[in-house]
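The values are calculated or read from the model by the stated rules, or taken from the named source; none is laboratory data. All of these numbers come straight from a predicted model, not from anything done at the bench. Cβ sites come from the backbone with ideal geometry, for glycine too, and all protein chains shown count toward neighbours. Remember, those area values only see protein heavy atoms, side chains included, never the ligands or the DNA or RNA. Shrake-Rupley method; radii C 1.70, N 1.55, O 1.52, S 1.80 Å.
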Amino acid sequence: MRIFVTGIGVVSALGDTVQQNWNALKTGNTGIQWSDRLGLMVGEVKQTNESIMRAYALPQVDFSRTTLLALIAAKTCWGENRLVPTLKTGLVAATSAGGLDRMEEYYFRHKTDPDFVMNTLMTHDNGRTTDRLANLLGMNGFVGTISTACSSGANAIMHGARLIRHGRLDRALVGGSDPLTSFNLKGFGSLMIYDPDICKPFDANRKGLNMGEGGAFLLLESERSLVETGNKPLCELTGWCNATDAYHQTASSPEGVGASITMQGCLRMAGITAEQVNYVNAHGTGTGNNDLSETAALKKVFGVKTPPFSSTKGFTGHTLAAAGAVEAVFSVMAILENALLPNANFTTPMPETDLLPVTTFKENAGVEYALSNSFGFGGNCTSLLFKRHH
Amino acid sequence: MFIRAASTISHQPTFRNKGFSSKLLPLTPDTALIHPDYGMFIPPKDTRRLNDILKMAITCTSDCLLQAEIDQPDAIIVGTSMGCNEFTKTFLDKIHAANGGLIAPTAFMLSTHNTIAGQVSLFLGNQSYNITHTHNNLSFEHALVDAMMAVEEGKQRVLVGAADEMGNELYDMHERLQNNQLLATSGASLFILSDEGSSVAIHLIDVDCYSQLENLEATINDFLKRNKLTLEEVNRVLFSASRSATAETLSRIFQTEKIVDYQVFSGAYYVNSAFAMHLAVDLLEMESKPGEKVLICNNLIPNNLGLILLSR
Amino acid sequence: MDELKQTLKEQIIQELNLKEVKPEDIADDTPLFGDGLGLDSIDALELIVIMENFHGVKITDASVGKEVLYSINTMAEYITQNKPA
């Protein structure tokens, strides 16, 4: 059964619309900036919670930013589609933070202000942020949440595709969102993996990552659904694979075991050869460990003919659970616009693997197949393969 | 599809104890969780970063593999509402205490929701499919849907289960359930799902998840109808609820003597429907005749309904 | 110096939760990583926190860290040489 992508939406430090994000990538304008408030280089979404709530005329309740960022992307993606009783429509959202942004505010303020409303805590768990999103979208029925750290977004997309393939759904709105939280900012800080400047994925002198926030959603449909909705496919999702590195809770294996299993799994599922892949949107966080592991995996899967690849995290920052979905949208756009996306700040190849990412925006690139990689804590690895729709 | 192994650590004598369903007593506020000797299942050198919830999940995993007589599962799928909640709290406390200074990373590293499934994979050295579903009271049901699909895709031995911990101020369940007078607690249950038959011979017929639930009765009817069953053909209904309307509806559509509130025995935690599934497996094995059916009706959050159907 | 080494061993066992290890099991020159005590990259960060929070000594450069955190001897030397007056 074929799975079609018929809608996309993304919000990141590059903007609130697909077009804004694309223009920034095309012109090489990064969204990563110094934040006085956070004392870090971060990829922050410009809109405040208040401005999003105003824009969508939301009730004055304590929304998690996870829900609000997801709402922007999901609304754009869903567009003018309507819920109809004849099509089983589901929502699968990914997040690592869930309502952590609200909960940490409760937690820190509760210590000094015992009257601080308990209601804030009611937004805490991941499922609740998705339930609220479903509520705002008017969706019911199958509503799920996936949380596998930084591969969550990709796994939500994979899960939606499988639900359609197994006949549990006809359409699935799939993606993820994560806000910047003190918890995660301090957490990645405690791992000492921040680049004090804008990150340099795949560069020999890379120092680490920048945190980002964002949300992205894709609408997946079956053939039967297409007949009924009349939607025009943007592209097809022809491969997906999840595997585990089983090496360390946070570090990736130096040989890129998990990553090579998932990339190979996608090729096998789609029935294509390694040479047919025209672009890889890499996980490429800019940490010493990830980029070494990922390039080792690329060499293992593609041999001496590594396809053009780049990490877009030098533009958006690492948007955690949203990253897999944000980068899936970028991969879909690479196919639609037939272009290769640049990898920011690359100058010197890594001595260990000696691979050169794409450094400038390239048009007329003949992108038939685009592969998107996402890796997370727990050794969780996922690759997705998108194909041009003819 | 068969449930080839089931293992639960809870407040009841569930662990490695077939027939436990006849020994259940309602929980009181002072009933303790029954921890097995974890040293029997996890080498001491592997436990230094594990807290209780991780030890519970890994121990149930080991037990399941022993029961199913296999070394490795082909997939690891876990449902957890709160993930490693205690590590989240520990790290928040560390942020607070550090006051801008250096913070030790271990609690952060272990605080993600997929730590349970991730640590199981590390413990087993297992590189297969590994997913964590985290949707409050439906976390386990979502994991089970995924597991059924995995078996349908040809994976022969799928490890699926759920674990949640509570007991600190980050957990809102107490607030949510305050009218229930239930013991808010922790639990872990794991299962091996397979297409291959076994001596256990308990079938998992169907599972589904419903959010923004509009009509409990109509939803149950539709679910049974798609499995070509009538209300009368269900022999027992294990349910959870946070308001009395659920029990009233179930009493009306099934017979009152068929329905059992499993939370009285499991205590309140978001994935206690996994406890209920083990209870159903044990009841079907010990007390039922072939063909008997148990429906698990998880309505712990009024808007969210999980349905699991099992038969002998 | 011996007292400092003993303290470091106790702190490492405590902070890294090395339940099976006793201070006397760690020789002053045992490599803490790899084949020695078998610590990993996360433990290295925990050691840096021990150095700063308990002994007031900062390690900011990863390459320095590798040498300093090699054994109890190297840690104790670094603390003695860099301890704030």
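Could you sort the residues of segment C:18-37 by number and keep only those whose accessible area is reduced by 30 Å² or more in the all-protein-chain setting relative to the chain alone, 1.4 Å probe?
With the partner chains in place, segment C:18-37 has these residues losing at least 30 Å²: C:Lys19, C:Glu20.
Hey, for a label at A:Ala274 modelled as a point 7 Å past Cα toward Cβ, could you say which residues of segment A:343-364 have their backbone N under 16 Å away?
Output list for this probe position: A:353-356.
How big is the equivalent ellipsoid of chain A along its three axes, where each semi-axis is √(5λ) from the Cα gyration tensor, reported in whole Å from largest to smallest?
30, 27, 18
Within the accessible area of segment A:239-388, what % is carbon and sulfur when the probe is 1.4 Å and the other protein chains stay in place? Write out the running numbers ahead of the final one.
Working: 2150 of 4220 Å².
So the carbon and sulfur contribution to the accessible surface is 51 percent.
Using a 10 Å cut-off on Cβ atoms, rank the peptides A:172-183, A:256-267 from the highest mean neighbour count down. All intermediate terms of the calculation are to be shown ahead of the outcome.
Numbers: A:172-183: 29.6, A:256-267: 24.5.
Put in order of decreasing packing, that is A:172-183, A:256-267.
Using R₀ = 30 Å, calculate the FRET efficiency as 1/(1 + (r/R₀)^6) where r is the Cβ-Cβ separation of C:Asp28 and A:Ala204; round to 0.05.
0.25
Other chains near B:46-54: what is the mean number of their Cβ atoms within 10 Å of each residue's Cβ?
The per-residue average across the peptide is 2.
Evaluate the distance, in nm, between pseudo-label points positioned 7 Å from the Cα of B:Lys23 and of B:Met286 along their respective Cα→Cβ axes.
Each label point is offset 7 Å from its Cα along the Cβ direction, giving 0.8 nm.
How do the peptides A:149-156, C:28-35, A:370-377, B:6-13 rank, highest first, by the average count of neighbouring beta carbon atoms within 10 Å per residue?
Ranking the peptides A:149-156, C:28-35, A:370-377, B:6-13 by packing returns A:149-156, A:370-377, B:6-13, C:28-35.
Please work out the average accessible area per residue across segment A:239-388, using the 1.4 Å probe convention, and give it in Å².
28
Other chains near A:247-253: what is the mean number of their Cβ atoms within 10 Å of each residue's Cβ? Please list the in-between numbers first.
Values: counts 4, 6, 11, 11, 4, 0, 1.
Mean partner-chain Cβ count within 10 Å for A:247-253: 5.
Could you provide, to the nearest whole Å², the per residue accessible area of segment A:4-229 with probe 1.4 Å?
Normalised by residue count, the accessible surface of segment A:4-229 is 33 Å².
Relative to the present Cα-Cα distance, how much length would full extension add between B:Asp93 and B:Asn221 at 0.36 nm per residue of separation?
Numbers: separation 128, 0.36 × 128 = 46.08 nm, distance 4.77 nm.
Computed gain between B:Asp93 and B:Asn221 is 41.3 nm.
Residue by residue through segment B:275-282, what is 3J(HN,Hα) from phi via Karplus (6.51 cos²θ - 1.76 cosθ + 1.60, θ = phi - 60°)? Round to whole Hz and write x for glycine and proline.
4, 4, 5, 5, 4, 4, 4, 5
Counting pairs on different chains as well as pairs 8 or more places apart, how many Lys pairs in segment A:4-229 have Cα atoms under 26 Å apart?
Eligible lysine pairs with Cα atoms under 26 Å apart amount to 12.
7 Å from Cα along Cα→Cβ at both B:Ser244 and A:Met1: what's the point-to-point distance in nm?
4.4
Past the 21 angstrom mark, what percentage of all C-alpha to C-alpha distances in segment A:282-366 do you count?
On the way: 1014 of 3570 pairs.
Pairs farther apart than 21 Å: 28 percent.
Given a Förster radius of 22 Å and the C-beta distance between C:Ser63 and C:Asp35 as r, what FRET efficiency does 1/(1 + (r/R0)^6) yield to the nearest 0.05?
E between C:Ser63 and C:Asp35, to the nearest 0.05, is 0.55.
How big is the charge dipole of the protein assembly as shown about its Cα centre, in debye rounded to the nearest 20, if each Lys and Arg gets +1 on its Cβ and each Asp and Glu gets -1 on its Cβ?
1720
If N is the number of residues in the protein assembly as shown, what value comes out of its Cα radius of gyration divided by 2.2 N^0.38 Å?
0.92
Sticking with the crude label model, points 7 Å out along Cα→Cβ, report the distance from A:His166 to A:Asn29 in nm, one decimal please.
Taking the two extended label points, one gets 4.4 nm.
Using the Karplus equation 6.51 cos²θ - 1.76 cosθ + 1.60 (θ = phi - 60°), what ³J(HN,Hα) coupling, rounded to whole Hz, does each residue of segment A:318-331 give in order, writing x for Gly and Pro?
8, 8, 6, 5, 7, 3, x, 7, 4, 6, 5, 4, 5, 5
Can you give the Kirkwood hydrodynamic radius for chain C, in Å, rounded to one decimal and based on Cα pairs?
12.7
Run the accessible area of segment A:4-229 with a 1.4 Å probe and give the carbon-and-sulfur part as a rounded percent.
Using a 1.4 Å probe with all protein chains present, segment A:4-229 comes out at 50 percent carbon and sulfur.
To the nearest 0.05, what FRET efficiency results for C:Lys83 and A:Thr347 with a Förster distance of 35 Å applied to their C-beta separation?
So, using R0 = 35 Å, E works out to roughly 0.35.
Quick one: angle between helix B:52-68 and the longest Cα principal axis of chain B, in degrees between 0 and 90, rounded to 10, please.
50
I need the phi-derived Karplus couplings for segment A:244-254: 6.51 cos²θ - 1.76 cosθ + 1.60, θ = phi - 60°, integer Hz, Gly and Pro marked x.
10, 6, 6, 10, 6, 4, 10, 8, 8, 5, x
Specify, per residue and in Å³, the volume enclosed by the convex hull of the alpha carbon atoms belonging to chain B. Display every interim value, and only then the final one.
Details: hull volume 42.3 nm³, N = 312.
In chain B, the Cα hull volume divided by residue count equals 135 Å³.
Based on the alpha-carbon gyration tensor of segment A:4-229, what equivalent-ellipsoid semi-axes (square roots of 5 times the eigenvalues) come out, in whole Å, largest first?
For segment A:4-229, the ellipsoid semi-axes come out as 30, 23, 16 Å.
How many angstrom separate the Cα center of segment A:199-260 from the Cα center of segment B:289-312?
35
Taking the highest mean first, how do the peptides A:293-306, B:136-149 order by number of other beta carbon atoms within 10 angstrom per residue?
Result, highest mean Cβ count within 10 Å first: B:136-149, A:293-306.
In square angstrom and rounded to 100, what buried accessible area do you get between chains A and B, total over both, with the probe at 1.4 Å?
By this definition, chains A and B bury close to 5100 Å².
Only Cα pairs under 8 Å and at least 6 apart count here; give the relative contact order of chain A as a rounded whole percent.
For chain A, the relative contact order is 24 percent.
Roughly how large is the C-B contact in terms of buried accessible area, totalled over both chains, probe 1.4 Å, nearest 100 Å²?
1100
If I compute solvent accessible area with a 1.4 Å probe over the protein chains, what percent of it on chain B is carbon and sulfur?
Its accessible area is 48 percent carbon and sulfur atoms.
When the dipole is taken about the Cα centre of segment A:217-313, and only Lys, Arg (+1) and Asp, Glu (-1) are charged at their Cβ, what size is it in debye, to the nearest 20?
Dipole magnitude for segment A:217-313 comes out near 180 debye.
How big a patch of accessible area, both sides summed and in Å² to the nearest 100, lies buried between A and C at a 1.4 Å probe? All intermediate terms of the calculation are to be shown ahead of the outcome.
Details: alone 15260 and 5360 Å², together 20220 Å².
That pair of chains buries around 400 Å² in total.
Taking only Cα atoms, what is the 0 to 90° angle, nearest 10, from helix B:139-152's long axis to the longest principal axis of chain B?
70
Going 7 Å from the Cα of A:Phe108 along its beta-carbon direction, which residues of segment A:51-73 have the amide nitrogen within less than 17 Å of the resulting point?
A:64-66
Summarise the partner chain shielding of A:186-198 as one whole number: the mean count of Cβ atoms from other chains within 10 Å of each residue's Cβ.
5
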